[in-house]
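Down below is the structure, laid out as structure tokens.
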Amino acid sequence: MRTTSRPRRAAVLATAVLATSALLLTACSSSSDKKGGDSTDPNAKITLNVGDFGTFGYKEAGLYDEYMAAHPNITIKYDTVQDGQKYWDALTTHLASGSGLADVQAVEVGYIAQATKALGDKFVDLGKTEGINPGNWLDWKSKQATTASGSLIGLGTDIGPMAICYRTDLFQQAGLPTDREAVGKLWAGDWAKFVEAGKTYQSKAPTGTFFTDSASGLFNAVLSAQPEQYSDASGKLVYKTSAGVKTAWDLAVSASQAKISAGLRQFQDPWNAAFANAKFATVVCPSWMTGIISKYSGDSGKGKWDVAAPPVASNWGGAFLTVPKAGKHTKEAAALVAWLTAPEQQAKVFTKVGNLPSTIGGLQQPAVQGAKQEYFNNAPTGQIFAAAAQSIKPAPIGDQDGNVKTIITDNGILDIEEHGTDPAKAWTNVTKLVDDKTGH
């Protein structure tokens with residue numbers, strides 16, 4: 001994320017399908033170029049359209065230009081939507097109708113179970129595509145995108161092992177350690193220690209600052225480390241009784257009530273602006289978040305941010321590239337997604353925007369392992385995030401997880417943060433909204 005948010009976040013549930021649909025339809029219409037299409041001529045000129053959300057880093061790393069230079073008959077056009085929920089709502093509509101689709105469509109991990117379970121027959125089986133070996137990816141990553149019948153519908157772009165990004169200048173002013181090793185020890189092993197460190201910070205906080213940006217961000221981080229999240233192993237939605245959801249909810253509520261959170265909604269303009277104004281001292285920081293921080297903190301934040309180990313290793317975010325069967329150039333699109341997600345290209349994206357590779361080979365690339373980020377006080381981010389990736393224990397993902405996550409964070413927790421709503425009432429509202437949205 002990097003230059004814009006690829007929030008593996010979800011946005012408000014108010015649908016804006018029409019707006020996003022227009023974008024997708026635009027992509028489709030340009031895909032239907034009349035210069036070759038499905039011609040058997042390998043040199044026929046075609047246009048491949050890519051639809052995604054946030055920042056996947058391909059443009060920033062120059063990969064589209066590199067691919068087109070190597071394939072002069074191919075023109076790549078891309079369309080990016082910032083709101084992941086709107087993007088997904090529009091994509092499901094177009095998959096159902098079999099029209100209005102780009103040749104390549106990205107899918108966020110929160111929706112991949114829905115894609116494999118209910119929409120699996122809408123995508124090309126990339127596992128049967130020449131040159132693609134599912135074993136090149138982390139095992140759990142490929143399994144997430146595999147249907148019950150064994151079809152691999154998406155190639156992993158990145159994963160989101162988390163760390164804690166923090167401002168050394170604010171920590172120093174609040175009397176906390178600034179060395180990244182010492183900082184990591186403040187909360188090692190327990191997210192509750194992170195909240196306690198926040199209370200310590202807040203007691204001596206520089207005027208107008210908060211320990212962390214958002215209780216919703218904390219919720220996502222805590223939940224991502226739980227063995228049970230929104231759904232059980234069978235895919236059944238169990239968030240109402242999930243021990244993991246309760247743990248994450250309670251900690252997020254405690255952070256809000258302790259006033260250690262700035263109460264901002266992540267990936268919105270006020271949150272972006274707060275980086276520039278140094279309004280908070282920590283952000284739960286998946287690798288893709290480093291690009292966002294450096295962008296919005298700007299030159300004034302350079303060297304003041306650092307990266308420490310998280311309380312518990314976990315994964316937040318990550319995505320896949322798919323090829324809809326309804327696309328016009330499925331063979332060429334499959335070749336493109338294979339190339340974009342190959343280890344060498346993943347390493348280039350990481351060094352440019354911070355998206356950590358999801359392939360085994362990508363994680364081992366010298367450019368990843370040896371990466372240090374000058375902006376973050378030369379933190380060895382490659383080592384920090386790659387080490388966190390090795391400890392990730394993925395939880396089951398259900399087909400409604402993305403929707404539930406959106407409602408809990410953007411409606412429930414934000415309601416507490418912004419309006420002081422009683423947590424019990426906020427939770428009741430959450431369950432009603434989830435029932436209405438999912439039918440569960």
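Quick notes on this structure:
- Among the candidates Gly120, Gly110, Gly135, residue that is farther than 23 Å from Leu237 by Cα and either more than 18 Å from the chain's Cα centre (by Cα) or modelled with pLDDT under 95 (or both): Gly135
- For the stretch 220-233, the criterion of being aliphatic (A, V, I, L, M), out of contact with any Pro (no Cβ under 8 Å at 6 or more places or on another chain) and open to solvent by less than 20 Å² (accessible area, probe 1.4 Å) is met by at least one residue.
The rows are residues; the columns are (1) farther than 25 Å from Gly62 by Cα; (2) modelled with pLDDT under 95.
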{"position": "Ile76", "(1), (2)": "no, no"}
{"position": "Val81", "(1), (2)": "no, yes"}
{"position": "Gly84", "(1), (2)": "no, yes"}
{"position": "His94", "(1), (2)": "yes, no"}
{"position": "Ala102", "(1), (2)": "no, no"}
{"position": "Ala106", "(1), (2)": "no, no"}
{"position": "Ser151", "(1), (2)": "yes, no"}
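- Filtering Lys259, Lys246, Lys236, Lys240 for residues that are without any contact (Cβ under 8 Å) to a residue 24 or more places away in the chain and not aromatic (Phe, Trp, Tyr) leaves a single hit, Lys246.
- Residue in the stretch 399-422 that is assigned to a loop (DSSP other than H, G, I, E, B), under 22 Å from the mean Cα position of the chain (by Cα) and not basic (Lys, Arg) present: yes
- Subset tally (residues that are touching a Leu at 6+ places or on another chain (Cβ under 8 Å) and surrounded by fewer than 23 Cβ atoms within 10 Å (Cβ to Cβ)) for the stretch 349-362: 1
- Among residues of the stretch 168-201, those that are surrounded by fewer than 18 Cβ atoms within 10 Å (Cβ to Cβ) and assigned to a helix (DSSP H, G or I), counted: 11
- Residue match in the stretch 369-391 (condition: farther than 23 Å from Thr178 by Cα, open to solvent by less than 60 Å² (accessible area, probe 1.4 Å) and either in a helix (DSSP H, G or I) or among the acidic types (Asp, Glu) (or both)): yes
- Checking Phe267 against (1) surrounded by fewer than 16 Cβ atoms within 10 Å (Cβ to Cβ); (2) in contact (Cβ under 8 Å) with a residue 24 or more places away in the chain, the condition it does not meet: (1)
The values are calculated or read from the model by the stated rules, or taken from the named source; none is laboratory data. Because the structure is a prediction, the values reported are computed rather than measured. As a convention, Cβ positions derive from the backbone with ideal geometry for all residues, glycine included, and neighbour counts pool all protein chains shown. Only protein heavy atoms, including side chains, enter the accessible area calculation; ligands, DNA and RNA are left aside. Shrake-Rupley method; radii C 1.70, N 1.55, O 1.52, S 1.80 Å.
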